[in-house]
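All remarks here apply to the structure that follows.
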Amino acid sequence: MSHLNTESVIGVIGAGTMGAGIAQVAAKAGHPVLLFDAMDGAAERGKDGVAKGLAKLVARGKMSQQDVDALIDRIQVINSLNDMAPAALVVEAIVERLDIKQQVFGDLETICGENTILASNTSSISLTAIGARLQRPQNLVGMHFFNPAPIMKLVEVISGLDTDPAVADAIFALSAAWGKKPVHAKSTPGFIVNRVARPFYAEGMRVVQEGGTDFATMDALLKQCGGFRMGPFELMDLIGHDVNYAVTSSVFEAYYQDPRFLPSLLQLELVNAGHLGRKTGKGFYNYAAGAENPQPKTAADVAAPRQVTIEGDLGAAEPLATLIEQAGITVHRAESSNNACIRVGDATLMLSNGQFTTAHAAEIGNRNLVHFDLALDYSQASRIALAPGDHAEQSAVDAAVGLFQAIGKSVSLLDDIPGMAVMRTVAMLANEGFDAVNQGVCSEEAVDIAMQGGVNYPRGPLAWAQAVGLSTVLTVLENLAATYGEDRYRVSPLLRRKVAGGA
Ligand code: NAI
């Protein structure tokens with residue numbers, strides 16, 4: 001297969017949001033770039049947009065004017081597809097329609113050389129389907145960038161049924177040479193990121209729909225406790241509810257309506273109302289100037305406890321022991337006969353196990369059980385969620401709140417909701433990641449690289465699940481499945497297999 005180097009001419013078709021960014025990336029890496037758009041003036045506008053963006057980098061001292069000029073000079077606007085002939089690789093970033101993509105690639109096959117690699121930036125169309133109409137489907141591959149292409153590190157290299165592995169490898173190597181983090185994936189609905197990310201939105205909306213808490217509190221928890229850069233609701237507002245809902249719906253349909261990907265009525269209502277998020281000025285939040293938006297629910301101050309007893313090893317939550325000591329609270333350690341817990345005043349605190357706290361409390365015969373949520377890093381988290389059981393006494397709730405406040409956390413009390421906020425989100429992200437691996441879509445490493453490089457997750461979901469303990473994650477998912485009785489929460493066989501194997 002053709003070896004791509006910086007002398008290789010890179011063609012880019014479609015000079016919109018993605019195409020212009022991809023042209024910039026290729027030109028930055030030193031390639032001569034041919035940029036084409038079917039709409040009159042669009043390619044010039046795309047190139048001008050790149051120049052304007054780079055001028056800002058010059059103003060901030062991040063790039064020299066000389067380098068920018070050279071980069072811009074390497075992007076040549078062409079007015080006919082026929083001028084793509086010299087390209088060693090053509091990346092297509094046009095409208096998301098199978099018939100039009102097939103037509104364009106069909107034309108390119110007659111224009112370009114036999115060894116020219118044809119790549120599509122499609123987010124949702126099967127590479128196998130695009131390739132089906134081509135004479136040389138082996139030369140077609142997915143090269144899926146993330147928006148904004150010059151900034152986001154991930155490139156999903158997608159192989160259709162007929163893609164030559166050497167072609168996929170060449171695009172993988174080229175992406176790495178461009179400073180990207182490429183991953184290989186099989187052409188399947190949503191590829192990696194748009195599949196594995198679904199629970200981030202879906203679980204957030206489930207918690208809100210079931211009255212666990214409101215969206216502002218969920219966003220605060222996912223950020224301040226989960227370490228995500230944005231909460232699911234503000235992120236959906238940014239993406240646009242029409243777009244986000246369409247992606248979820250297309251993945252749901254593509255997997256034969258697997259309930260795992262069930263879209264949310266909460267979001268459909270926003271779409272119905274035309275409240276599409278930032279772009280219309282209103283989504284979950286109101287973006288009108290001076291609009292008042294809900295603040296995360298935060299418990300009022302309660303006195304700090306003097307001492308606690310920690311029974312057993314808290315596992316993922318073990319760093320709490322040190323934090324409690326550092327807050328000047330005496331920590332007694334004790335053996336635990338079964339579940340590890342923190343006893344403070346009248347409260348018994350346990351890391352959420354995916355059950356209702358109320359059900360868990362009844363099971364262990366302790367009405368004053370309070371579940372607490374998972375944190376990415378308990379020492380860094382500035383907020384934590386607590387979910388008391390329905391029959392917990394106020395004194396127990398106060399003791400639990402006082403303890404977490406004493407170690408510097410804002411506390412959000414949730415109505416009893418299985419799996420809480422961060423725990424159920426992370427468990428479901430990991431479950432989906434394991435399922436993608438189990439179904440041969442990609443490697444475990446690829447899942448984590450993809451979610452960190454494509455959507456900025458603070459930690460890959462599989463590495464995160466390992467850190468929490470796979471058996472803990474399995475328990476959470478089993479309890480969610482038992483509580484809801486929905487196939488949506490079924491455990492990935494790969495996770496089961498790993499836990500069975502002693503992982
Ligand atoms: P866009 O609407 O900003 O740009 C598309 C450009 O393609 C337009 O300038 C249009 O004139 C041109 N075009 C349409 N049909 C054409 C044809 N037959 N020949 C030549 N040019 C044609 O769209 P955007 O957002 O850049 O998306 C492009 C592709 O990238 C789609 O396949 C989309 O699914 C994919 N994608 C989009 C992402 C995003 O966040 N916007 C992220 C990753 C992939």
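The values are calculated or read from the model by the stated rules, or taken from the named source; none is laboratory data. Since we're looking at a predicted model, the values are computed, not measured. Using ideal geometry, Cβ is built from the backbone for each residue, glycine included, and neighbour counts are taken over all protein chains shown. Side chains included, ligands, DNA and RNA excluded: accessible areas come from the protein's heavy atoms. Shrake-Rupley method; radii C 1.70, N 1.55, O 1.52, S 1.80 Å.
Taking F233 as the residue in question, decide whether it is modelled with pLDDT of 95 or more and open to solvent by 30 Å² or more (accessible area, probe 1.4 Å). The answer is no for F233. Taking the criterion of being away from the ligand (no atom under 16 Å from the Cβ), in contact with a Leu (Cβ under 6 Å, 6 or more places away or on another chain) and either over 27 Å from S124 (Cβ atoms) or open to solvent by less than 30 Å² (accessible area, probe 1.4 Å) (or both), would at least one residue in the stretch 8-20 satisfy it? Within the stretch 8-20, none of the residues are away from the ligand (no atom under 16 Å from the Cβ), in contact with a Leu (Cβ under 6 Å, 6 or more places away or on another chain) and either over 27 Å from S124 (Cβ atoms) or open to solvent by less than 30 Å² (accessible area, probe 1.4 Å) (or both).
Restricting attention to the stretch 45-70, the residues being open to solvent by 90 Å² or more (accessible area, probe 1.4 Å) and either more than 33 Å from the chain's Cα centre (by Cα) or on the phi > 0 side of the Ramachandran plot (or both) number 2.
Each residue in the stretch 183-201 was checked for being aromatic (F, W, Y) and in a loop (DSSP other than H, G, I, E, B), and 1 pass. Within the stretch 408-425, one or more residues are surrounded by 19 or more Cβ atoms within 10 Å (Cβ to Cβ), assigned to a helix (DSSP H, G or I) and not aliphatic (A, V, I, L, M). I need the full set of residues from the stretch 142-182 which are among the aliphatic types (A, V, I, L, M) and either in a loop (DSSP other than H, G, I, E, B) or within 14 Å of the ligand (Cβ to nearest atom) (or both), in order please. Across the stretch 142-182, the qualifying residues are M143, A149, I151, M152, L154, V155, V157, I158, L161.
In summary, H31 fulfils each of the numbered conditions (1) in contact with a strand residue (DSSP E or B) (Cβ under 7 Å, 6 or more places away or on another chain); (2) within 16 Å of the ligand (Cβ to nearest atom) with the single exception of condition (2). When you check E114 against the structure, is it in the same structural domain as A168 (by TED's automatic domain parsing), away from the ligand (no atom under 16 Å from the Cβ) and over 22 Å from E156 (Cα atoms), yes or no? So E114 passes the test. Would you confirm whether or not the stretch 77-91 contains a residue that is under 32 Å from the mean Cα position of the chain (by Cα) and near the ligand (Cβ under 10 Å from one of its atoms)? Taking every residue of the stretch 77-91 in turn, at least one turns out to be under 32 Å from the mean Cα position of the chain (by Cα) and near the ligand (Cβ under 10 Å from one of its atoms). Of the residues making up the stretch 250-260, at least one is part of a helix (DSSP H, G or I) and either on the phi > 0 side of the Ramachandran plot or without any contact (Cβ under 8 Å) to a residue 24 or more places away in the chain (or both).
Consider the stretch 122-141 and keep the residues that are aliphatic (A, V, I, L, M) and either without any contact (Cβ under 8 Å) to a residue 40 or more places away in the chain or within 8 Å of the ligand (Cβ to nearest atom) (or both). The one that is most open to solvent (accessible area, probe 1.4 Å) is A132.
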